[in-house]
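The values are calculated or read from the model by the stated rules, or taken from the named source; none is laboratory data. Computed from a prediction, not measured in an experiment: that's the story for all the values here. Here the Cβ is made from the backbone with ideal geometry for all residues, glycine too, and neighbour counts use every protein chain on show.
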Amino acid sequence: MSKKVEYLFDFGSPNAYLAGKALPAIEARTGAKFAYVPVLLGGIFKATGNVSPAISEAGIKNKPEYGALEIQRFIKKHGLTKFKFNSHFPVNTLQIMRGAIAAEMDGVLPIYFEVVAAAMWEQSLKMDEPEVIKAALDAGGIDGAHILARIQDADVKAKLIANTEDAVARGVFGIPTFFVDGEIYFGKDRLREVEEAISA
């Protein structure tokens with residue numbers, strides 16, 4: 001019996017990008033298929049009182065440097081040569097996360113995910129400007145005008161809110177977060193444990 005595995009993401013997190021790039025290999029090794037669940041990280045932070053590491057680690061000697069070292073180790077381990085830290089960080093992801101909901105409803109979330117993740121963390125685009133979003137989606141083979149129109153729909157807005165509230169209710173405080181049959185795992189550095197739980 002296959003296990004239910006979920007990947008909760010927001011494009012604003014570089015660690016979510018890095019973790020997402022490692023998932024296909026885990027799927028290939030285990031036969032599992034991750035459900036990609038769009039949530040709004042800002043909403044999670046507001047609901048839990050959490051803040052980004054850029055804020056919480058500011059002024060702490062050596063910790064940010066160690067975090068950067070771990071990112072480089074992860075990049076090397078998984079061969080993620082295209083990663084580039086977004087020069088516009090932090091980017092307001094409300095539009096592109098609503099876009100993820102719209103893409104999911106339209107049955108094109110996998111390609112939408114790849115296109116937007118690359119725009120954010122490979123091409124360093126300012127993905128909170130509608131014209132930039134549209135151009136990136138169009139270039140990736142997605143109807144950008146359609147997505148931008150859909151993100152104004154009440155059902156799309158409501159679904160992103162519901163996903164985010166449900167995540168907090170299930171114990172989520174940051175991104176990326178994974179669930180294996182309801183068991184929570186936080187952060188890209190828990191992927192080994194995620195894979196072990198899938199295979200157990």
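A few notes on this one:
- When every residue of region 172-179 is checked against the conditions, at least one turns out to be surrounded by fewer than 18 Cβ atoms within 10 Å (Cβ to Cβ), in a loop (DSSP other than H, G, I, E, B) and either under 18 Å from the mean Cα position of the chain (by Cα) or touching a residue at least 40 places away in the same chain (Cβ under 8 Å) (or both).
- Filter result for Val156 (modelled with pLDDT of 95 or more, touching a Lys or Arg at 6+ places or on another chain (Cβ under 6 Å) and more than 23 Å from Ser52 (Cα to Cα)): yes
- Here region 10-41 is the region considered, the condition is being in contact with a strand residue (DSSP E or B) (Cβ under 6 Å, 6 or more places away or on another chain) and among the aliphatic types (A, V, I, L, M), and the residue that is nearest to Ser52 (Cα to Cα) is Ala16.
- Residue check, Ile55 without any contact (Cβ under 8 Å) to a residue 40 or more places away in the chain, of a type in the set (A, V, I, L, M) and not in a helix (DSSP H, G or I): no
- Test: residue in region 13-29 that is under 12 Å from the mean Cα position of the chain (by Cα), outside any helix (DSSP H, G or I) and not charged (D, E, K, R): yes
- Lys3, sole failed condition from (1) among the charged types (D, E, K, R); (2) in a helix (DSSP H, G or I); (3) surrounded by 15 or more Cβ atoms within 10 Å (Cβ to Cβ); (4) modelled with pLDDT under 95: (2)
- Selection within region 69-113 - surrounded by fewer than 16 Cβ atoms within 10 Å (Cβ to Cβ) and of a type in the set (Phe, Trp, Tyr): Phe85, Phe89
- Any hit, region 93-116, residues being small (Gly, Ala, Ser) and free of Cβ contacts under 8 Å to residues at least 24 places away in the same chain: yes
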